[in-house]
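Student: Attaching a single structure in structure tokens format; questions to follow.
The values are calculated or read from the model by the stated rules, or taken from the named source; none is laboratory data. Note that this is a predicted model, so its numbers are computed, not measured. As a convention, Cβ positions derive from the backbone with ideal geometry for all residues, glycine included, and neighbour counts pool all protein chains shown. Side chains are part of the model used for accessible areas, which takes the heavy atoms of the whole protein and leaves out ligands, DNA and RNA. Shrake-Rupley method; radii C 1.70, N 1.55, O 1.52, S 1.80 Å.
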Amino acid sequence: MTERASFGEGRPAHATQTRRGRLRPRLLDLFSCAGGAAVGYHRAGFVVDGCDIAHRPNYPFPCYRGDALEYLAALIASGGIERYAIVHASPPCQHGCALTVGTNQSQGWGRAHVDMVAPTRALLDKTGLPYVIEQPNGRAEIRKDLTLCGEMFGLGVIRHRNFELGGWTIEQPAHVPHRGRVRGYRHGRFYDGPYVAAYGSGGGKPSVPELQAAMGITWTDMREELTEAIPPAYTEWIGRGFLASNVLGVAA
């Protein structure tokens with residue numbers, strides 16, 4: 001993986017020329033983890049750069065290792081942000097995710113978590129660029145401009161995710177009824193079903209190969225990365241919608 005030597009490195013440009021002469025807009029992927037979102041955007045037609053505070057050797061694109069908000073602030077200050085057409089951010093969700101505010105809270109488990117959504121949005125607004133903020137179901141304070149589900153894409157996970165769209169819009173697709181239960185144990189009883197649980201490791205959770213197949217992710221076999229990722233089908237759909245919306249002022 002590539003780690004940039006400085007925040008401002010790179011040619012200021014919204015698009016990169018490919019060998020075939022087609023322009024591919026550049027996207028900044030903040031809190032990038034192992035690249036679930038990034039691969040979807042790449043498939044949609046973007047050049048992707050990532051940033052994550054942890055070392056992510058499985059991330060399949062150039063990735064700066066460091067604090068995502070510090071990195072974004074430095075790109076804004078240096079003008080390096082101008083080479084991007086759009087920014088995607090998946091700030092840590094423990095402050096407001098369903099597990100933290102539900103089971104963990106009711107049992108007195110866990111610890112206090114910092115809300116990263118508000119400061120992320122504040123910086124994204126300063127870029128002047130269109131953006132996407134992704135969060136799971138829970139109490140995270142984002143607009144739910146989009147809610148996507150694995151069944152919409154024929155996947156083996158449900159994995160609802162909400163997306164706030166800054167500076168652009170796209171139509172919410174119809175929610176497809178689920179075909180059954182998520183496979184695994186609930187209160188000591190095992191339930192079968194067409195979906196696997198993409199979190200944790202006990203209670204009848206899927207094997208790593210099963211999880212990879214269900215999510216559509218092949219480039220990492222680390223369970224932690226798989227359980228933190230979103231299926232690339234989500235952001236491929238979002239990315240294609242962004243290009244089709246002609247926000248860039250050029251044909252996709």
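Student: Using mean Cβ contacts within 10 Å as the protection proxy, how do 162-174, 122-134 order, highest first? If you can, show how the numbers build up before the last one.
Tutor: Working: 162-174: 15.7, 122-134: 19.3.
Ranking the peptides 162-174, 122-134 by packing returns 122-134, 162-174.
Student: Under 10 °C and 1.306 mPa s, how fast does segment 123-164 diffuse according to Stokes-Einstein, given a Kirkwood radius computed over C-alpha pairs? Answer in µm²/s, whole number.
Tutor: Details: Rh = 11.5 Å.
Taking Rh from Cα pairs, D becomes 138 µm²/s.
Student: So what is the accessible area of segment 161-252 per residue, in Å², with the probe set to 1.4 Å?
Tutor: Details: 4780 Å² over 92 residues.
That works out to 52 Å² per residue.
Student: Let me ask something else. Using heavy-atom solvent-accessible surface (probe 1.4 Å) with all chains present, what is the largest-first order of His55, His42? Don't jump to the answer; show the numbers that get you there.
Tutor: Numbers: His55 100, His42 75 Å².
Result, largest first: His55, His42.
Student: Follow-up. Note the full-extension length gain between Ala213 and Ala122 as 0.36 nm times their separation in residues minus their Cα-Cα distance, in nm to one decimal. Display every interim value, and only then the final one.
Tutor: Numbers: separation 91, 0.36 × 91 = 32.76 nm, distance 3.63 nm.
Stretched out fully, the Ala213 to Ala122 stretch lengthens by 29.1 nm.
Student: Out of every Cα-Cα pair in segment 149-252, what percent are more than 21 Å apart? Each step should come with its number before you reach the end.
Tutor: Working: 2330 of 5356 pairs.
So the portion of pairs separated by more than 21 Å is 44 percent.
Student: In nm, what is the difference between 0.36 nm times the number of residues separating Glu70 and Asp115 and their Cα-Cα distance?
Tutor: Working: separation 45, 0.36 × 45 = 16.20 nm, distance 1.58 nm.
So the extension gain works out to 14.6 nm.
Student: Using 0.36 nm per residue, how much length does the chain from His175 to Phe190 gain when fully extended, once their Cα-Cα distance is taken away? List each step's numbers first, then the result.
Tutor: Values: separation 15, 0.36 × 15 = 5.40 nm, distance 2.67 nm.
Gain in length upon complete extension: 2.7 nm.
Student: Something else: How much of Ser245 can a 1.4 Å solvent probe reach, expressed as accessible area in Å² and rounded to 10?
Tutor: Here the accessible area works out near 50 Å².
Student: In segment 122-252, what percent of the accessible surface is made up of carbon and sulfur (1.4 Å probe, ligands and nucleic acids excluded)?
Tutor: Values: 3240 of 6380 Å².
Looking at segment 122-252 in its full context, I get 51 percent from C and S.
Student: If His160, His88 are ordered by their accessible area, calculated over protein heavy atoms with a 1.4 Å probe, which sequence runs from highest to lowest?
Tutor: Output order, biggest surface exposure first: His160, His88.
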